[in-house]
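Colleague: To start, I am sharing the structure in question, which I have written as structure tokens.
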Amino acid sequence: MKHYPHHLDLQPAMRVEGAVRLPGSKSISNRTLLLAALAGGATRIHDLLASDDTHVMLMALQKLGVQWEQVGETQEFLVHGIDGSLPVHHADLFMGNAGTAIRPLTAVLAVLGGDFTLHGVARMHERPIGDLVDALNGIGAQITYTGEAGYPPLHIQRGRIRADRLQVRGNVSSQFLTALLMAAPLIAADRPVTIDVEGELISKPYIDITLNLMERFGVRAERHGWQSFTIGAGQKYRSPGAIHVEGDASSASYFLAAGAIAGGPVRVEGVGRGSIQGDVRFVEALEGMGATISMGENWIEARAGGALRAIDADFNHIPDAAMTIAVAALHADGVSTLRNIGSWRVKETDRIAAMATELRKLGATVEEGADFLRITPPEQIRPAAIDTYDDHRMAMCFSLATLSGALRAGAALRINDPKCVAKTFPDYFEAFARITRNELI
């Protein structure tokens, strides 16, 4: 994207139309990189996401002795797997604010052994990791906190892993279970390993992504409902040879919502009916609000079906894409309620508090609870400067407030620190400008 040092002013747009080629999925990209690194053989990864979070993972793997090459200027990468044995046993790893990197790496490094420190930006040191550390230390890992207990930074030393069963809480972040699942085959050399989930498991579709990708790398996990998972003995990661990364379904949500709000049609390419990402179910929420959705194997299209209807729904299964609904609710015909979104509290920022604060700037009436938001739209959206909290999704979803005449002509919506979108979608505002036919200021 262009260099925007401080802010970006978005102009009102009555109508949107066009097609957007999506960047690769962050969730799939970072899981695939780690699985390719752990596997036997070389893996060619096509359409890897170019973003801050994948860069963090690539640099960490490089420091751990994993060899990889980028093919020219493309997003094709060749990763040479280590076949479950680390070349480097001592490293200091900077993890930025990438939860999809630090959580799985913590589990893998704790199991493989060595002397490692993992740290990140200030916000990363506020994001909980204690449930994962407790699960790993409970089976013989040796992980200590070098700052506040329960949070990074972490110091991982060689432990003595002995387990055929381990437990982890499921109600804070599904990434803890993902981390243990990805590390489990490294434990299950001579006997099966079962992971039990304590309490409700949130964000279940992200676990489906993990299981799907593990199977593509030759490891099958048996799922017993959502309460336990068993990895059979003797399974090893093997390269599938080549793998394509789907377009990011969470990123698709902004453009599909734009089509639903302001006419359309807007088509996203790179994700569709055959997706392994749970966030494609975002389209069900849009349909519930009155949008018209069409879908093919590798594309989704949205158009307005009249004024958006208010929605009252549980969004536990699609917490990231649900942020888009919160801003789309500004255009709805009544009060919308987003329920069971408590995981927002421990994301890149406290997204419930941040969303409530910024929606109020635009004139909305917002009721904020421990795990819900209730949004009453204003008669007309007020111009405002939106703070983004170094959170890519805050920056992207608030662009939708400029659509369909809700923001008065001649006004502008200011997005502070727009460069934070580099976490997952560096060219987001250019893509948004193309469907609105507006110039970026």
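The values are calculated or read from the model by the stated rules, or taken from the named source; none is laboratory data. Quick caveat, the model's predicted, so the values are computed rather than measured. Because the Cβ atoms are built from the backbone with ideal geometry, glycine has one as well, and the counts that use them run over all protein chains shown. The protein model used for the area step is the full one, side chains on, heavy atoms only, and it has no ligands, DNA or RNA in it. Shrake-Rupley method; radii C 1.70, N 1.55, O 1.52, S 1.80 Å.
Colleague: Report the trypsin sites (Lys or Arg not before Pro) located in segment 1-65 that are in a DSSP loop and have at most 14 other Cβ atoms inside 10 Å of their Cβ, or state none. Display every interim value, and only then the final one.
Modeller: Numbers: sites: Lys2, Arg15, Arg21, Lys26, Arg31, Arg44, Lys63; in loops: Lys2, Arg15.
Counting only loop positions with at most 14 other Cβ atoms within 10 Å, the trypsin sites (Lys or Arg not before Pro) in segment 1-65 are Lys2.
Colleague: Give me log10 I(q)/I(0) at q = 0.06, 0.11 Å⁻¹ for the chain, Debye formula, one equal scatterer per alpha-carbon, no solvent.
Modeller: Values returned for q = 0.06, 0.11 Å⁻¹ are -0.24, -0.82.
Colleague: Place +1 on the Cβ of every Lys and Arg and -1 on the Cβ of every Asp and Glu in segment 76-230, take the dipole about the Cα centre, and give the residue among His224, Thr106, Phe116 whose Cα lies farthest towards its positive end.
Modeller: His224
Colleague: Rounded to the nearest 20 Debye, what is the dipole magnitude of the chain about its Cα centre when Lys and Arg each give +1 and Asp and Glu each give -1 at the C-beta? Kindly include the intermediate steps, with their values, before the conclusion.
Modeller: Values: 42 positive and 49 negative charges, 45 e Å.
Charge dipole of the chain: 220 debye, to the nearest 20.
Colleague: How much of the DSSP beta bridge set in segment 274-421 is antiparallel, as a percent to the nearest 5? Don't skip to the end; give the middle numbers.
Modeller: Values: 11 of 18 bridges.
Here the share of antiparallel DSSP bridges comes out near 60 percent.
Colleague: Assigning unit charges at the beta carbon (Lys, Arg +1; Asp, Glu -1) and nothing else, what dipole magnitude in debye, to the nearest 20, does segment 82-237 show about its Cα centre?
Modeller: Numbers: 14 positive and 15 negative charges, 45 e Å.
That gives a dipole near 220 debye.
Colleague: Between Ala307 and Gln67, how many nm apart are label points set 7 Å from Cα along the C-beta direction?
Modeller: Spacing of the two 7 Å Cα→Cβ label points: 6.4 nm.
Colleague: Taking segment 275-314, which GluC sites (Glu not before Pro) meet the DSSP loop condition and have no more than 13 other C-beta atoms within 10 Å?
Modeller: Working: sites: Glu284, Glu287, Glu297, Glu301; in loops: Glu297.
Passing both the DSSP loop test and the Cβ count: Glu297.
Colleague: Nearest 5 percent is fine: what portion of the DSSP beta bridges confined to the chain is antiparallel?
Modeller: Working: 43 of 70 bridges.
So the antiparallel bridges in the chain amount to around 60 percent.
Colleague: Can you tell me the accessible area per residue over segment 82-164, all protein chains present, probe 1.4 angstrom, in square angstrom? Write down the numbers at each step before the final one.
Modeller: Values: 3100 Å² over 83 residues.
Spelled out: the 1.4 Å probe surface of segment 82-164, per residue, equals 37 Å².
Colleague: If you don't mind, there's one more thing I want to ask. How large is ³J(HN,Hα) for each residue in segment 327-335, as worked out from phi by the Karplus curve 6.51 cos²θ - 1.76 cosθ + 1.60 (θ = phi - 60°), to whole Hz, x for Gly and Pro?
Modeller: 7, 4, 4, 4, 9, 7, 8, x, 7
Colleague: Over segment 247-313, with the other protein chains present, what is the accessible area per residue in square angstrom, probe 1.4 angstrom?
Modeller: Details: 2080 Å² over 67 residues.
Computed with neighbouring chains in place, this is 31 Å² per residue.
Colleague: Another question, then. Extension gain Lys204-Ser228, at 0.36 nm per residue separation less the Cα-Cα distance, in nm?
Modeller: Details: separation 24, 0.36 × 24 = 8.64 nm, distance 1.26 nm.
Length gained, Lys204 through Ser228: 7.4 nm.
Colleague: So if each residue of separation counts as 0.36 nm, and I subtract the Cα-Cα distance between Glu76 and Asp92, what length gain in nm does that give?
Modeller: Details: separation 16, 0.36 × 16 = 5.76 nm, distance 2.67 nm.
Stretched fully, the Glu76-Asp92 segment lengthens by 3.1 nm.
Colleague: Count the net charge of all other residues whose Cβ sits under 15 Å from the Cβ of Val71, scoring Lys and Arg as +1 and Asp and Glu as -1. Walk me through the numbers on the way to the answer.
Modeller: Working: positive: Arg44; negative: Asp47, Glu69, Glu73, Glu76.
Net charge in that neighbourhood comes out at -3.
Colleague: Round to a whole angstrom and tell me the spacing of the C-alpha centers of segment 232-265 and segment 276-292.
Modeller: So the two Cα centres are separated by 14 Å.
Colleague: Counting other Cβ atoms within 10 Å of each Cβ, which GluC sites (Glu not before Pro) in segment 71-172 have at most 16 and sit in a DSSP loop?
Modeller: Working: sites: Glu73, Glu76, Glu126, Glu148; in loops: Glu73, Glu76, Glu148.
Those satisfying the criteria are Glu73, Glu76, Glu148.
Colleague: In deg cm²/dmol, rounded to 500, what helix-only [θ] at 222 nm does the chain give when every DSSP H run of at least 4 residues adds -39500 (n - 2.57) and the total is split over its residues?
Modeller: On the way: 12 runs with 130 residues, N = 441.
Computed mean residue ellipticity for the chain: -9000 deg cm²/dmol.
Colleague: For the chain, give the percent of accessible area contributed by carbon and sulfur heavy atoms, probe 1.4 Å, rounded to a whole number. All intermediate terms of the calculation are to be shown ahead of the outcome.
Modeller: Values: 7500 of 15910 Å².
Carbon-and-sulfur percentage of accessible area, whole number: 47.
Colleague: Once you've got the Cα coordinates, tell me which of Lys26/Lys204; Lys204/Lys423; Lys26/Lys361; Lys204/Lys347; Lys26/Lys236; Lys204/Lys236 are over 26 Å apart. Each step should come with its number before you reach the end.
Modeller: Numbers: Lys26/Lys204 17 Å; Lys204/Lys423 23 Å; Lys26/Lys361 30 Å; Lys204/Lys347 16 Å; Lys26/Lys236 24 Å; Lys204/Lys236 24 Å.
Beyond 26 Å: Lys26/Lys361.
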